[in-house]
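> Have a look at the structure that comes next, please.
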Amino acid sequence: MLAAELRGPQGALHYAATIEMRPAAERVAPKGPAAPALGPWSGGDDPYDGHTLFHGRDFQVIRRLDGVSREGIAGTVVGLREAGWVAQPWKTDPAALDGGLQLATLWTQHVLGGAALPMSVGALHTFAEGPSDGPLRAVVRGQIVARDRTKADIAFVDPEGTLVAELRDVQYVLRPDAARGQA
């Protein structure tokens, strides 16, 4: 186990994590989860509206939205190779993971009615090493919907249906501008 912290210049704790590394041979990739029951996505063809999703072109990795409901959202995201990021010796695919967080942001907007930001990730489990070889299906399953926050799990599934990675217990809160009715 490895404890990691990111602190500001005056020592204020910004991020903390506990890291447990396992050899790839010990990670058995299960089948990916099915999406929850979804209704049609009604947010338009481009989810990058500049408000809820304000990502620049290099981070616009959602390629398709399959649908949304109170139970979750699903869609197709691409990884760093297809997004045109610089090749590095990555252990994960940060572009694809961010795409899943973007989908969860859209789901949170759907259930809470306002723009939100991710505040914490309970765990990241990886079952494949390095960047994805192609598009992944990201499936968000909601766990908690409260007045101004949500919690969900995000699964990343390859075209063969195998789970590549999962973010567990991802918590979102409404942005202050959204909470004041400015969203």
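The values are calculated or read from the model by the stated rules, or taken from the named source; none is laboratory data. Treat the numbers as computed from the prediction; the structure is a model and nothing was measured. Cβ coordinates were reconstructed from backbone atoms using ideal geometry, including for glycine residues, and neighbour counts include every protein chain displayed.
> I144 is checked against (1) in contact with a strand residue (DSSP E or B) (Cβ under 6 Å, 6 or more places away or on another chain); (2) modelled with pLDDT of 95 or more; (3) of a type in the set (A, V, I, L, M) and fails just one. What number does that condition carry?
(2)
> Scanning for something part of a helix (DSSP H, G or I) and either at pLDDT 95 or above or closer than 19 Å to D49 by Cα (or both), does the range 112-119 turn up at least one residue?
Yes.
> Consider K91 against the criteria (1) at pLDDT 95 or above; (2) basic (K, R); (3) in a loop (DSSP other than H, G, I, E, B): it satisfies all of them except one. Which criterion is unmet?
K91 satisfies all of (1) at pLDDT 95 or above; (2) basic (K, R); (3) in a loop (DSSP other than H, G, I, E, B) except (1).
> Identify the single condition in (1) surrounded by fewer than 16 Cβ atoms within 10 Å (Cβ to Cβ); (2) in a loop (DSSP other than H, G, I, E, B) that A128 does not satisfy, given that it satisfies every other one.
Of the numbered conditions (1) surrounded by fewer than 16 Cβ atoms within 10 Å (Cβ to Cβ); (2) in a loop (DSSP other than H, G, I, E, B), the odd one out for A128 is (1).
> Cβ-Cβ below 6 Å, separation at least six or inter-chain, first residue in the range 27-48 and farther than 17 Å from R141 by Cα, second hydroxyl-bearing (S, T, Y): which pairs?
Close Cβ pairs satisfying both conditions: A29/T162.
> Kindly provide the set of residues from the range 73-88 that are in contact with a Lys or Arg (Cβ under 8 Å, 6 or more places away or on another chain) and either at pLDDT below 95 or of a type in the set (D, E, K, R) (or both), ordered by number. Steps first, please.
Applying the first criterion (in contact with a Lys or Arg (Cβ under 8 Å, 6 or more places away or on another chain)) to the range 73-88 yields 74-78, 87.
Matches in the range 73-88: A87 only.
> Let me ask something else about it. List the residue pairs whose Cβ atoms are under 9 Å apart, where the first residue sits in the range 69-80 and is more than 19 Å from D133 (Cα to Cα) and in a strand (DSSP E or B), the second is aromatic (F, W, Y) and at pLDDT 95 or above, and the two are 6 or more positions apart or on different chains.
Listed pairs, sorted by first residue: S69/W107; G72/W107; I73/W107.
> What is the one condition in (1) touching a helix residue (DSSP H, G or I) at 6+ places or on another chain (Cβ under 7 Å); (2) assigned to a strand (DSSP E or B); (3) buried (at least 22 other Cβ atoms within 10 Å of the Cβ) that A155 does not satisfy?
So the condition that A155 fails would be (1).
> On to the next question. From the list A96, A35, exactly one residue is at pLDDT 95 or above and surrounded by 17 or more Cβ atoms within 10 Å (Cβ to Cβ). Which is it? Steps first, answer last, please.
Working: A35 fails: at pLDDT 95 or above.
Only one candidate passes the filter, namely A96.
> Is it the case, given these coordinates, that R149 is among the basic types (K, R) and closer than 25 Å to G50 by Cβ? Give the derivation first.
Working: among the basic types (K, R): yes; closer than 25 Å to G50 by Cβ: yes.
Considered against the rule, which asks whether it is among the basic types (K, R) and closer than 25 Å to G50 by Cβ, R149 comes out as yes.
> If you go through the range 34-75, how many residues are aromatic (F, W, Y) and touching an Asp or Glu at 6+ places or on another chain (Cβ under 8 Å)? Walk me through how you get there before you give the answer.
Step one: list which residues in the range 34-75 are aromatic (F, W, Y), which gives 41, 48, 54, 59.
Imposing the further condition that a residue be touching an Asp or Glu at 6+ places or on another chain (Cβ under 8 Å) reduces the set to 41, 59.
Residues meeting the conditions: 2.
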